[in-house]
Number of protein chains: 2
Amino acid sequence: MSGIAKLPQPPYYAAIFTSQRTNVDKGYGRMAEKMEELASQQKGFLGIESARDHELGITISYWDSLEAIKSWKDNSAHKVAQEKGKSEWYKNFSVRISKVEKAYIFEVNEDNN
Amino acid sequence: MSGIAKLPQPPYYAAIFTSQRTNVDKGYGRMAEKMEELASQQKGFLGIESARDHELGITISYWDSLEAIKSWKDNSAHKVAQEKGKSEWYKNFSVRISKVEKAYIFEVNEDNN
């Protein structure tokens, strides 16, 4: 999955995960892919957007309820990944839970690539 | 500015800007920097986080109120940048306005870089 998420009309919820990586790899890429795939199979999942550069990574997952976010947080395979994240992969990170109230989508420049 | 934003306790607001770029440069980098600097001088601005890779860019600006977000949206220099964005720089983009209700910050692995 990549690009701008196709989502229903608000309201819905966004889990904003911002992180700075360590230099440790140890299976990070595979785990990140696996977690994205697993998240997308959860009840209440709506979509995901992700970008990473040398300074920061931002992943935003979108959900239909706070309960869905909590269930994903408590998912057992996800918990294993969270622990590895704390011990190996991330220098620091933040998780912000927010309610999306408005959304505007623009699709422009179809002929301007 | 870079890294994870240092913010007050929630609630506060997040403007989530997700974009896919065209191949057109025409001053994009300079304008992006200038807009970040200008945003940070606005009333109600709390912080900003940004990451871009070859597929997607995500910039999240944080504000103390919806009014502050509206004022920034209507800022005249920002409006000029928005128009250039639509006509030149972005294939497509989304803006999602959300209210952050919870936040967890983790700082780990100080010795593990």
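The values are calculated or read from the model by the stated rules, or taken from the named source; none is laboratory data. Just so it is clear, the model here is predicted, and its values are computed rather than measured. For neighbour counting, all protein chains shown are included, and Cβ atoms are generated from backbone atoms with ideal geometry for every residue, glycine included.
A few notes on this one:
- A:Ser71 away from chain B (no Cβ under 13 Å) and farther than 24 Å from B:Asp53 by Cα: yes
- Of all residues in segment A:23-42, those satisfying the criterion of being farther than 27 Å from A:Val100 by Cα and out of contact with any helix residue (DSSP H, G or I) (no Cβ under 6 Å at 6 or more places or on another chain) are A:Asn23, A:Asp25, A:Gly27, A:Gly29, A:Arg30.
- Whichever residue in segment B:1-45 is within 17 Å of B:Phe93 (Cα to Cα) and among the aliphatic types (A, V, I, L, M) and, among such residues, is surrounded by the most Cβ atoms within 10 Å (Cβ to Cβ): B:Ala14
- Only residues that are at the interface with another protein chain (Cβ under 10 Å from one of its Cβ atoms) and in contact (Cβ under 8 Å) with a residue 40 or more places away in the chain were counted in segment A:38-56, giving 2.
- Only one of A:Gly29, A:Gly47, A:Gly3 that is touching a strand residue (DSSP E or B) at 6+ places or on another chain (Cβ under 7 Å) and at pLDDT below 95: A:Gly3
- Identity of the residue in segment B:90-113, at pLDDT 95 or above and among the hydrophobic types (A, V, I, L, M, F, W, C), that ends up farthest from the chain's Cα centre (by Cα): B:Ala103
- Pair list, Cβ under 8 Å, 6 or more apart: segment A:76-92 residue in contact (Cβ under 8 Å) with a residue 12 or more places away in the chain and loosely packed, with under 14 Cβ neighbours inside 10 Å, other residue assigned to a helix (DSSP H, G or I) and of a type in the set (A, V, I, L, M): A:Ala77/A:Met35; A:Ala77/A:Leu38
- Among the residues of segment A:43-67, those identified as more than 17 Å from B:Arg96 (Cβ to Cβ) and under 13 Å from the mean Cα position of the chain (by Cα) are A:Arg52, A:Gly57.
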